[in-house]
Amino acid sequence: IGSSAVLNALLDPVLQFLRAVPPPALLSFFIIVFQLGATMQIVIIAFGVVWPVLLNSADGVRTVDPLQLDTAKVFGLSRYRRMVNVVLPAASPKIFAGLRVSLAFALILMVLSELVGSTAGIGSQLLGAQRDFDLPRMWAGIVVLGVLGLLFNLAFMLLERRVLAWHTGAQRL
């Protein structure tokens, strides 16, 4: 999508439309199609997290310096080698930005899917605590979510710093 102007022009409106649809709005649809359970939960999480990664990746590919691509072509690199050795490294910072946003969305959508489609999990525990007016249990669930988000973010930052060690933006993390 990012490397083809025609494909980008054709697909971008559709992708932007799908990205703008909030996953909670499709919850009923996902329940009907996939039934309550783990499959529905995975699908709603996947639907919500795919857009930042896909759109950032396409944008990262689109913004690769044409001079780098031309130089690789002059040196006889195959299309595959140009993709692996030039495009992927140049697009990596934007790909990681999309992954980082998606990580937060995944946690939010996990809780949302557990609120509706599960009898176990943090979301289900939060809903039960709210129904029972059990404030300590409710706040415990909220704190657990905050700690999980923090730990996921720290782990992702370490991974990003390691994978993108060559990139100056990653060195400041």
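The values are calculated or read from the model by the stated rules, or taken from the named source; none is laboratory data. Treat the numbers as computed from the prediction; the structure is a model and nothing was measured. Quick reminder, even Gly has a Cβ in these numbers, built from the backbone with ideal geometry, and neighbours come from all protein chains shown. Only protein heavy atoms, including side chains, enter the accessible area calculation; ligands, DNA and RNA are left aside. Shrake-Rupley method; radii C 1.70, N 1.55, O 1.52, S 1.80 Å.
Here are a few things to note about the model shown:
- Loop-resident chymotrypsin sites (Phe, Trp or Tyr not before Pro) (DSSP state other than H, G, I, E or B) in segment 74-160 with no more than 15 further Cβ atoms inside 10 Å of their Cβ: 75, 133.
- Heavy atoms of the protein chains alone define the surface here; on that basis the chain has 62 Å² accessible area per residue at 1.4 Å probe size.
- Rounded to the nearest whole Hz, the Karplus-based 3J(HN,Hα) values (6.51 cos²θ - 1.76 cosθ + 1.60, θ = phi - 60°) of segment 7-15 follow the sequence 4, 4, 5, 6, 8, 4, x, 5, 5, with x at glycine and proline.
- Theoretical FRET efficiency, 1/(1+(r/R0)^6), r = Cβ-Cβ of residue 74 and residue 162, R0 25 Å, to 0.05: 0.20
- Residues in segment 98-106 carry Karplus couplings, in order, of x, 5, 5, 5, 5, 4, 5, 4, 4 Hz; the curve used is 6.51 cos²θ - 1.76 cosθ + 1.60 with θ = phi - 60°, and Gly or Pro positions show x.
- Springs join every pair of Cα atoms under 10 Å in this Gaussian network model of the chain, and among 163, 87, 14 the largest mean-square fluctuation is at 14.
- Euclidean distance between Cα centres, segment 31-86 to segment 99-173, Å: 23
- For the chain, the carbon plus sulfur part of the accessible surface works out to 70%, probe radius 1.4 Å.
- With the helix formula -39500 (n - 2.57) applied to DSSP H stretches of n ≥ 4, the chain reaches a computed 222 nm mean residue ellipticity of -25500 deg cm²/dmol.
- Phi-based couplings in Hz for segment 26-42 (Karplus 6.51, -1.76, 1.60; Gly and Pro marked x): 9, 4, 4, 4, 5, 5, 5, 6, 10, 6, 5, x, 5, 4, 4, 5, 5
- All other residues whose Cβ lies under 14 angstrom from that of residue 11 are scored, Lys and Arg at +1 and Asp and Glu at -1, for a net of 0.
- Charge dipole (debye, nearest 20) of segment 21-173; +1 at Cβ of Lys and Arg, -1 at Cβ of Asp and Glu: 580
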